[in-house]
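Undergrad: Provided herewith is a single structure, encoded as structure tokens, for subsequent inquiry.
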Amino acid sequence: MKKQTLLIALLFLFSATIYAETPEALFKAGHLLDSLGNFDKALKKFDKAIQLKPDYAEAYNARGMVWLKKQDHEHAMKDITYAIALKPNFVEAYFNRAILKNELDDSRGAMQDLDKAIELDPNSFQSYNFRGLMRGRLGDHIGEIQDYTKAISIKPNYAEAYHNRGHAKFLTGDKNGACLDFSKSGEFGYFKSYDDIKEMCK
């Protein structure tokens, strides 16, 4: 199955290279190379897409995330921030810059970007979950629980949010609530929560 998927991917790249050098085709090829872990070639595709279309916000954002995977935070920040400048309502770019700021230990800066992502897309359950993690890191466990709860209200089977809320509840002394959340998280496929049940719910 993996070989078949790789073959399809290579065929797509070949056709994209031979038959189309449009910014959109280069962007798709860059994403594909990124997903295959070929970051240097992905960067070249995004470079070419941007060269052909200098206001291509999605390509700047995608290139920024490749830089982040290569641990080049300076280039990542430059690209993602420029993507936002080009497209101020770019929810994904705000979310991605929050990921980058988190890696740089800037929890407050990450929260600001997540606030903006949520303002632009109030149904962004991933942004609520991520903001909850940042609140927890800053010691606001009540706000953390509220964000996880909001994420779950948007996506009721959000296993990771149940898991995270379980930890937050445990830290606030709500052991029973924590264990219920761990159990729910496990039911939805986040099996690491069962280890937490063994450790914290004795």
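Undergrad: What is the distance, in nm, between label points placed 7 Å from the Cα along the Cα-to-Cβ direction at Glu187 and at Ala85?
TA: Here the modelled spin labels are 4.9 nm apart.
Undergrad: Ok, one more. Let's test the formula: R0 of 45 Å, r as the Cβ-Cβ distance of Asn38 and Thr149. What FRET efficiency results, to the nearest 0.05?
TA: 0.65
Undergrad: Return a whole-number percent for the relative contact order of the range 97-202, with Cα pairs under 8 Å and 6 or more residues apart as the contact set.
TA: Answer for the range 97-202 is 17 percent.
Undergrad: Please list the three semi-axes, largest first and in whole Å, of the ellipsoid equivalent to the range 34-96, using sqrt of 5 times the eigenvalues of its alpha carbon gyration tensor.
TA: Calculated on Cα positions only, the semi-axes equal 17, 14, 9 Å.
Undergrad: Continuing with the same structure: Within the chain, which whole H helices from DSSP have a Cα span along their axis of at least 24 Å and a mean Kyte-Doolittle hydropathy of 0.0 or more, if any?
TA: Span-like helices in the chain: 2-19.
Undergrad: A follow-up question, please. How high is the FRET efficiency between Thr172 and Glu103 when r is their beta carbon distance and R₀ equals 25 Å, given to the nearest 0.05?
TA: 0.40
Undergrad: With the contact rule set at Cα under 8 Å and sequence spacing of 6 or more, what percent relative contact order holds for the chain?
TA: Relative contact order here is 9 percent.
Undergrad: Over its Cα atoms, what ratio of radius of gyration to 2.2 N^0.38 Å does the range 117-202 give?
TA: 1.02
Undergrad: Between Ile197 and Asp47, with labels modelled 7 Å along Cα→Cβ, what's the label distance in nm to one decimal, could you check?
TA: The answer from the label model is 5.1 nm.
Undergrad: Which entries in Lys175/Lys198; Lys70/Lys150; Lys116/Lys169; Lys69/Lys184; Lys116/Lys155 show an alpha-carbon gap greater than 24 Å?
TA: Cα-Cα > 24 Å for Lys70/Lys150; Lys116/Lys169; Lys69/Lys184; rest within.
Undergrad: Would you mind estimating how fast the chain diffuses translationally, via Stokes-Einstein at 10 °C and 1.306 mPa s with the Kirkwood radius over Cα pairs, in µm²/s?
TA: For the chosen part, D equals 85 µm²/s.
Undergrad: Could you tell me the extents of the range 61-171's C-alpha atoms along the three principal axes, largest first, rounded to whole Å?
TA: 39, 24, 20
Every number here is computed from the coordinates shown, using simple stated rules; none is lab data. Please read these numbers as outputs of a predicted model, since none were measured by experiment. No Cβ is skipped: glycine too gets one built from the backbone with ideal geometry, and neighbour counts run over all protein chains shown.
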